[in-house]
Amino acid sequence: MIAETGLIALWLAAALTLLQFVLGAVGLRAERDDYIAAIRPVAVAQGIFVSLSFLLLIWLFLRSDMSVKLVAMNSASVKPLLYKFAGTWGNHEGSMLLWVTVMGMAGAFIALFERSLQKRTLVATLAAQAFISLGFYAFLLVSSNPFERLFPVPADGQGLNPLLQDPGLAFHPPTLYFGYVGLSVAFSFAVGAMITRDVGPAFAKAMRPWVLGAWIFLTLGITAGSYWAYYELGWGGWWFWDPVENASLMPWLAATALLHSVTVLATRDGLRAWTLMLAVVAFSMSMIGTFLVRSGILTSVHAFAVDPERGSFILALLAIYIGGAMALFALRVGTVKEGSRFELISREGALVANNLLLSVILALVFIGTLYPLMVEAVTGEKLSVGPPYFNLATGPLALLLVAVMAAGPLLRWRRDNPKTLLNRISIPVLVAAAALFALVAFTSGMSILSLLGMALAAGVAVASFAPLWKRNLRRTPVHTYGMIIAHFGVAVALVGMAAESSFTEERLVAAKPGDEITVNKWKLQFQAIEPVAGPNWTALEARMTAQYGDGVLHEIEPQNRMFAAAQTQTSEAALLTRWNGQLYVVLGEGDSEDRWQVRVWWKPFVPLIWYGGILIALGGLLAMVGRLRRGYQHRKQREFTEAML
Amino acid sequence: MKAKHQRLVLVLLALVALIGAGLLAAYALQDQASYFYTPSDIAAKKPEAGVAIRLGGMVEEGSIQRSADGVTVQFIVQDGTTQQLVSYTGITPDLFVEGSGVVADGRLDADGMFIAETLLAKHDENYIPRELEGIDMTAGQRKTETLVQ
């Protein structure tokens, strides 16, 4: 009965979404106030029903109800509870239901909390949000019903892919989806504003917290995904320029550009058409990303549960929504008034440079990711594009972008004097130069890109705090602190990336118990191999001690796990984190002479990459809270003034 | 500068940037893209030694051999008709087993051996890398069966 209830809730939510769209479209056209008044409750109701449907699917997974096909195919009764729960979205149907749920909840949140947007634009936005949700409801109900029953009922399920049995599964996909789908709100806002021709600072101020919210989730999702792949794949790498990774990076690049251009629109009423365009592009990138991941059209190391036929459904949705939004943009862009102008050396000028650079990087990643498909379609030849291309093409531009990031916040809006900029930026430039000098003098073997990146990061770390210079710290707005922390986070991550690529040391040996392995200042003592057992796996575990110089003796236990249900093996790397880096140990196979493959990396400062990502997201959170609070205060003040009058 | 002119300048700037990106991408892709070969492709048209390519096929049953150093494996990748000897130093991926598909990035050495830098075995029992779609997944097993008989 639970599965049927879930399906009914899903159908009801779809019907309410249709109603939401009709109410909005007819209400705006016929100017029917009763229709317009009804759209908010309808949006909230569809959010509730789709969430109910998703909760029921989670319940089915938790209860291991094997009469439901999806559960039987992707779960097993002996699995730990956390993975039963997270396994709900570790498959195609479940992850699409998660997508639709987030989209429906986003619509409900707009209806509940959006108070600053002009009423007609809000209605148009809700109608647009309903229109894009409809396609995904159709997709789910027609071709990917997650509640389908199975008969005869199997005794047990087929289990979840062992590589997915990790706490990362509980966190990474939902976070990323909140980000992907959160961008649909920006898309709907842009479409709504184009329909009602209401593009200006007020609109930008209303849209900004939503963009920030989606961007924070994307940042966290990418950071978590990078760390998960880093320790789970056992390859010691944190970014492979894999199509699935690029699929999450592209919306992030577009959202980052949007975040900065929406600020120009909100503060200075500039970049109107460009901001609308970016909002459309950002969600388009989310959908393209989902299409690439779900269709399996590109070979990936992170591909799970792919299905080419279902991919083409997403492609069709993509064409309809992006094509529609672009057509609307082309029709309406002429009627969007020109914004205020500004000089080249100004805050706006720096933000335009930021946007151009981000767009170019986005284009380079996009071309590189889809190039194999284009070539195969034209010539039939198969090829792959990997790190050499992406590093070469995007690396220098990313450094330029970081340099702009150091200078931009020090400029005044509208017009500034190049000389005063030089004054303000002189200390960061000196710091960067000193860092460069020290690196050249005291290290060897660093690539030019890493060298410049590390030096630039030192300068940016200082420059990011420069906006606080001579300001009253207590009266500085919260969102300014947000910007400072986010920009500082970029510097932190950059140090981690440059250090990882330059100073990593690696040893690969076949070792017997009793052997010692040294890498950098680490001494590893291989003591024994022992069998251990977990809830649904057995493993061979290497007992080792590790010592850094004359420091404390640490115990580490890399494992090779065998999963009974899927008859597959995974290796569990052992990680040891010190303040100055991370020791990474992987156990391979043993041979007849009792020798075991052991791979050891010492990666100086590598955790800074993910700490940086967290700082960037934290900065975004502060900016969002600061903006929301200020918007609330302004609204209260206005209401108070109106009441007094 | 009037607002209208400024808008024109911005549009031009954006166009120049995007065209620049396209040209940069085209230039970088010329050298950096690596082509996909099956063992038959290599036999038919041998790529130059040292050029990065991607090799795909099935790991032949009974062909995985470990070298004396304990960390290098040699194995044969085949596509039903032709075989290619591959050497890889490192820990093999979790689902790398005989008789299943593999995609390897690397280059040919002067002797015609493929030196793999990364091995991409599938992660999911049901996932087949797209390059391997056209290859007979059971070819390797049948061959060894006939050898045994």
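The values are calculated or read from the model by the stated rules, or taken from the named source; none is laboratory data. Bear in mind that the values here come from a model prediction, so they are computed numbers and not experimental data. Please note: Cβ atoms are built from the backbone with ideal geometry, for glycine as well, and neighbour counts cover all protein chains shown.
One table, with the values for the structure above:
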read-out	value
Of all residues making up the stretch B:28-49, the number that are more than 9 Å from chain A (Cβ to nearest Cβ) and part of a helix (DSSP H, G or I)	7
Matching residues, the stretch A:586-605, being crowded, with 17+ Cβ neighbours inside 10 Å and either facing another protein chain (nearest Cβ under 10 Å) or free of Cβ contacts under 8 Å to residues at least 24 places away in the same chain (or both)	A:586, A:587, A:588, A:589, A:590, A:595, A:596, A:597, A:598, A:599
Subset of the stretch A:609-633 that is of a type in the set (Lys, Arg) and surrounded by fewer than 19 Cβ atoms within 10 Å (Cβ to Cβ) - its residue that is farthest from the other protein chains (Cβ to nearest Cβ)	A:629
The listed residue being without any contact (Cβ under 8 Å) to a residue 12 or more places away in the chain and either within 17 Å of residue A:409 (Cα to Cα) or at the interface with chain B (Cβ under 8 Å from one of its Cβ atoms) (or both), out of A:356, A:364	A:356
The stretch A:191-229: number of residues that are assigned to a loop (DSSP other than H, G, I, E, B) and not hydrophobic (A, V, I, L, M, F, W, C)	3
Single unsatisfied condition, residue A:138 versus (1) assigned to a helix (DSSP H, G or I); (2) at pLDDT below 85; (3) touching a Leu at 6+ places or on another chain (Cβ under 9 Å)	(2)
Which listed residue, of A:185, A:123, A:102, is β-branched (Val, Ile, Thr) and either in contact with a Leu (Cβ under 7 Å, 6 or more places away or on another chain) or outside any helix (DSSP H, G or I) (or both)	A:123
Leading residue by the ranking (modelled with the highest pLDDT) among those in the stretch A:390-441 that are among the aromatic types (Phe, Trp, Tyr) and touching a helix residue (DSSP H, G or I) at 6+ places or on another chain (Cβ under 8 Å)	A:390
Boolean, residue B:18 is out of contact with any Pro (no Cβ under 9 Å at 6 or more places or on another chain), closer than 25 Å to residue A:373 by Cβ, assigned to a helix (DSSP H, G or I) and aliphatic (A, V, I, L, M)	yes
Flag for residue A:641 being part of a strand (DSSP E or B) and either in the same structural domain as residue A:212 (by TED's automatic domain parsing) or not aliphatic (A, V, I, L, M) (or both)	no
Verdict on residue A:562 being touching a Ser or Thr at 6+ places or on another chain (Cβ under 9 Å) and at pLDDT below 90	yes
Answer from A:78, A:71, A:44 - the residue that is touching a residue at least 40 places away in the same chain (Cβ under 8 Å), crowded, with 22+ Cβ neighbours inside 10 Å and in the same structural domain as residue A:1 (by TED's automatic domain parsing)	A:71
Test: residue in the stretch B:41-56 that is surrounded by 20 or more Cβ atoms within 10 Å (Cβ to Cβ), modelled with pLDDT of 90 or more and touching a helix residue (DSSP H, G or I) at 6+ places or on another chain (Cβ under 7 Å)	no
Given (1) away from chain A (no Cβ under 14 Å); (2) in contact (Cβ under 8 Å) with a residue 40 or more places away in the chain, index of the condition residue B:52 fails	(1)
Filter result for residue A:374 (away from chain B (no Cβ under 12 Å) and part of a helix (DSSP H, G or I))	no
Filter result for the condition that a residue is free of Cβ contacts under 8 Å to residues at least 60 places away in the same chain, under 30 Å from residue A:191 (Cα atoms) and not assigned by TED's automatic domain parsing to the domain that holds residue A:170, over A:93, A:114	A:93
Cβ pairs under 7 Å, 6+ apart, first in the stretch B:69-98 and free of Cβ contacts under 8 Å to residues at least 24 places away in the same chain and within 13 Å of chain A (Cβ to nearest Cβ), second among the polar types (S, T, N, Q) and not in a strand (DSSP E or B)	B:73/B:92
Filter result for residue A:387 (at pLDDT 90 or above and either surrounded by fewer than 17 Cβ atoms within 10 Å (Cβ to Cβ) or at the interface with chain B (Cβ under 9 Å from one of its Cβ atoms) (or both))	no
Yes/no for residue A:532 being of a type in the set (A, V, I, L, M, F, W, C) and either surrounded by 19 or more Cβ atoms within 10 Å (Cβ to Cβ) or within 14 Å of chain B (Cβ to nearest Cβ) (or both)	no
Flag for residue A:475 being modelled with pLDDT under 90, more than 25 Å from the chain's Cα centre (by Cα) and charged (D, E, K, R)	yes
Count of the stretch A:105-120 residues which are assigned to a helix (DSSP H, G or I) and over 19 Å from the mean Cα position of the chain (by Cα)	9
Some residue of the stretch A:230-242 being under 17 Å from the mean Cα position of the chain (by Cα), outside the structural domain of residue A:577 (by TED's automatic domain parsing) and assigned to a helix (DSSP H, G or I)	yes
Failed item in (1) small (Gly, Ala, Ser); (2) exposed (fewer than 15 other Cβ atoms within 10 Å of the Cβ); (3) within 30 Å of residue A:591 (Cβ to Cβ), with residue B:22 passing the rest	(3)
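To keep it simple, each residue is scored yes or no on (1) within 14 Å of chain B (Cβ to nearest Cβ); (2) more than 26 Å from residue A:246 (Cα to Cα); (3) surrounded by fewer than 13 Cβ atoms within 10 Å (Cβ to Cβ); (4) touching a residue at least 40 places away in the same chain (Cβ under 8 Å).
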| residue | (1), (2), (3), (4) |
| --- | --- |
| A:411 | no, yes, no, yes |
| A:437 | no, yes, yes, no |
| A:442 | no, yes, yes, no |
| A:448 | no, no, yes, no |
| A:468 | no, yes, no, no |
| A:472 | no, yes, yes, no |
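A quick yes/no check of all residues on (1) surrounded by fewer than 18 Cβ atoms within 10 Å (Cβ to Cβ); (2) modelled with pLDDT of 90 or more; (3) within 14 Å of chain B (Cβ to nearest Cβ):
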| site | (1), (2), (3) |
| --- | --- |
| A:537 | no, no, yes |
| A:544 | no, yes, no |
| A:584 | no, yes, yes |
| A:607 | no, yes, no |
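Here's the yes/no breakdown for (1) among the small types (Gly, Ala, Ser); (2) assigned by TED's automatic domain parsing to the domain that holds residue A:66; (3) more than 30 Å from residue A:260 (Cα to Cα):
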position: A:139; (1), (2), (3): no, yes, yes
position: A:143; (1), (2), (3): yes, yes, yes
position: A:151; (1), (2), (3): no, yes, yes
position: A:154; (1), (2), (3): no, yes, yes
position: A:193; (1), (2), (3): yes, no, no
position: A:197; (1), (2), (3): no, no, no
